[in-house]
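In what follows, a single structure is set out as structure tokens and then discussed.
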Amino acid sequence: MFRSIFRLAQTSSRAIQVAAGKNQARVSAVTAPAVRKYSSVTVYPSDEEQDAAWVSYFENKDMDTYDFILGFMQIYREDLIPEPKIIQSALYACRRLDNLPLAMRVLEMVKNKCGPRKDIYDYLMQELKPTFDDLGLKTVEDYGLDQVAD
């Protein structure tokens, strides 16, 4: 490795001497090897910024079902339970798309993400109650989607 750095330095200084010309004073330049530096610090968006980005994603008027499913699956893959405002914007997007089954998948995803944490699920349903009333939706339990078919 040191030999390649030394050769690179020799080649660079020789190119500088040729560029300077024979009649001019000899240019002695110490050249650093070509090293690419990468940032060792990764900057992650804050929770508020990430929530605002998802809300604006689902509030996009030009969104179609394919775009919704892409964003929906990305949220499902994340290791978190979405905030009520994200779920609310997703449900309003389902209304804009006129897709009730997609809204039911959103609610099933919320129930699945909460897992055994019934307190979190109850909190989310309490926060989303005005949205359900506005959209005319029912919860997963009201539709009977939480029961396993035999």
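Things worth noting here:
- Residue 3 open to solvent by 70 Å² or more (accessible area, probe 1.4 Å) and at pLDDT below 50: yes
Residue by residue, here is whether (1) aliphatic (A, V, I, L, M); (2) in contact (Cβ under 8 Å) with a residue 24 or more places away in the chain; (3) in contact with a helix residue (DSSP H, G or I) (Cβ under 6 Å, 6 or more places away or on another chain) holds:
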position	(1), (2), (3)
55	yes, yes, yes
58	no, yes, yes
67	no, no, no
88	no, yes, yes
94	no, yes, yes
102	yes, yes, yes
113	no, yes, no
147	no, no, no
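- Scanning segment 92-150 for residues that are of a type in the set (Gly, Ala, Ser), surrounded by 16 or more Cβ atoms within 10 Å (Cβ to Cβ) and out of contact with any Phe, Trp or Tyr (no Cβ under 7 Å at 6 or more places or on another chain) yields one hit, 103.
The values are calculated or read from the model by the stated rules, or taken from the named source; none is laboratory data. None of the values given here were measured: they were computed from a predicted structure. A quick note on method: Cβ atoms are made from the backbone with ideal geometry, for glycine too, and the neighbour counts reach across all protein chains shown. We work out accessible area using only protein heavy atoms, side chains counted, and drop any ligands, DNA or RNA first. Shrake-Rupley method; radii C 1.70, N 1.55, O 1.52, S 1.80 Å.
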